[in-house]
Structure formats: C-alpha cells, structure tokens
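Enquirer: The following block contains the structure, expressed as structure tokens.
Bear in mind that the values in this text are calculations on the coordinates, not laboratory data. What you see is a predicted model, and the numbers here were worked out from it, not measured in a lab. Ideal geometry is used to build each Cβ from the backbone, glycine not excepted, and the neighbour counts take in all protein chains shown.
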Amino acid sequence: MTLSDERKYRRRREQLADSLREKGISEDKVIRAISRVPRHLFVDPALRSRAYWDEALPIGHGQTISQPFTVAYQTMMLDVQPGDKILEIGTGSGYQSAVLLELGAEVYSIERIQPLYERARQILGSLGYRITGKCGDGTHGWAAFAPYDGIIVTAGATEVPEPLLEQLRISEAGKSGGRLVIPVGTSEGQTMRRITRTGESQFGDEQFHDFRFVPLIGDAQPATRNEGDA
Ligand code: SAM
C-alpha cells in the first residue's frame, strides 16, 4: 500500500469517527480505538473502498463484519478498562478484537467457522494484534480462562446462554461484576442487553436499542442447534 493510500484511509477513519460521535458514541476512548484500527485490512480487498462507510460488509460464509456503529456501541456498553479480560463470541473478521485490544483489554475470542477463524488470526497477527482464540461453539463460553470482566456476543441470540452468565466475574471489593453484552431476540431483530453480575447468582439486566445480527448458532441456542455447518 502506498503512502497516499495510507493517508487516504487515515482521513476516512477520521471521518468515520466524526460520524460515530454524531450518532451518539460519546466515549472518546472508544472513538480513539476505532480511529486506530485499519478496518480496510479486515475486509475483502474488493470492498476496501467501502471499509469506512458505516455499514456491515460480507466476509464470506454468509457472515459479516459488523457495522462500525454497532462495534462502537457494544464496546461502549462493555465499559472496557485496561487489563480487563474480555471474551468475544464471534471473532468473524477479527476487527472487534482489534478494537478491544486498542483499549488495553486481554482478548479471548471464539469463532465457529474455521476458515474465518484462520483468516482473522492471520490478519490480526500481521498487524501485531495478539489474541487467545479458538475455533468452536462459543455458546459454552471458555471456562478455562474464566472469570471474565466482560463478554461480548457479536451474533444474534435467541436466549442468553447460561454458561456465559456463569463465567462472568463476581463483584468484589473495588471491582465491579462482569458484564455480558448480547443482542437477544429473533432472526428478525434483537434488543441489545447488558447483564451485570452483582452476586453469586444475582444479575442486573438492562435493555437498549434494537439491532439485526447474523444468528448465534450453537448448543446453548436450541432453536439453531441444527442450522448449517458453514
Ligand atoms: N465480531 C466480528 C467482527 O468484528 O468481524 C463480527 C462477527 S459476525 C457479525 C458474527 C460471527 O459470529 C460470525 O462470524 C459467526 O460465524 C459467529 N458465530 C455464530 N455463532 C457462533 C458460536 N456459537 N460460536 C462462535 N462464533 C459464532
């Protein structure tokens, strides 16, 4: 990529950041993280000219890289602090992982489609972003590294998977409980929820705006258990 390409993409990232601010993303650190991640390198080269439009784009296998507004919105709701341990369900292109890393999080990420997982690993690695990842069904969470300060689900759930609740950090002196940010609804649309662990088996549950994600497919999603093997 030439120097003028680099400048062009940097300018487009700045414009995207401005538009996210106008749409209500009020956390400067989230905007700064988005401004640092080269989204054009996470999309198909044929779609690069659209990489900084605020829209989801196809990444193959019927999946998408989420719209930048959605990435910023979910990230803001996670309230990431440097050093937080965050589990992402749905690595997809790897873009959301990069944004979380820019905020200083330690990132664990699971993707169910092997070629997407491998491609994301390769892109993240080439840009110097380090995650702990695996290919599998993220509806089980990843107990080996639990508890998490935050869990972000980047696909539309029909139900909240129990294992994810169990793997949230319990609040203790000086540290608030883990937060699960998850879109829940039907294939037609989902409501963004933030579930915060306030005790061993106590949870706060807040509901926010409506979105439309590709489906979360897995064992802890009975309605989708037998859907495609993509
Ligand atoms: N975070 C991604 C990004 O930054 O590109 C966006 C991902 S896309 C909207 C949702 C992803 O969730 C898809 O790649 C899909 O294969 C994955 N997915 C769906 N069900 C899953 C599951 N049970 N476990 C892990 N990944 C899953």
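Enquirer: With bins 10 Å wide starting at 0, give me the P(r) of region 143-218 over every alpha carbon pair, in whole percents.
Expert: Going out from 0 Å in 10 Å bins, region 143-218 shows 21, 49, 26, 4, 0 percent.
Enquirer: Something else now. On C-alpha positions alone, give me the angle between the axis of helix 68-78 and the longest principal axis of the chain, in degrees, nearest 10.
Expert: Computed tilt is about 40 degrees.
Enquirer: What lysines does residue 85 reach when the alpha-carbon gap must be under 30 Å and sequence neighbours fewer than 8 apart in one chain are set aside?
Expert: By straight Cα distance, residue 85 reaches 23, 29, 134, 175.
Enquirer: Using θ = phi - 60° and the Karplus curve 6.51 cos²θ - 1.76 cosθ + 1.60, what whole-Hz ³J(HN,Hα) does each residue of region 111-118 get, with Gly and Pro shown as x?
Expert: Each residue of region 111-118 in turn: 10, 7, 9, 3, x, 5, 4, 5 Hz.
Enquirer: Just how large is the dipole of region 55-211 about the Cα centre, in debye to the nearest 20, putting +1 at every Lys and Arg Cβ and -1 at every Asp and Glu Cβ?
Expert: Using Cβ point charges on Lys, Arg, Asp and Glu, region 55-211 gives about 400 debye.
Enquirer: Would you mind estimating how fast the chain diffuses translationally, via Stokes-Einstein at 10 °C and 1.306 mPa s with the Kirkwood radius over Cα pairs, in µm²/s? Write down the numbers at each step before the final one.
Expert: Working: Rh = 17.7 Å.
Reported coefficient: 90 µm²/s.
Enquirer: Let me ask something additional. Take the alpha carbon atoms of region 10-25, find their center, do the same for region 151-230, and report the distance between the two centers in whole angstrom.
Expert: Centre-to-centre distance over Cα atoms comes out at 28 Å.
Enquirer: Over region 87-192, consider all pairs of different Cα atoms and compute the Kirkwood hydrodynamic radius from their mean reciprocal separation; express it in Å, one decimal.
Expert: So the Kirkwood estimate lands at 14.2 Å.
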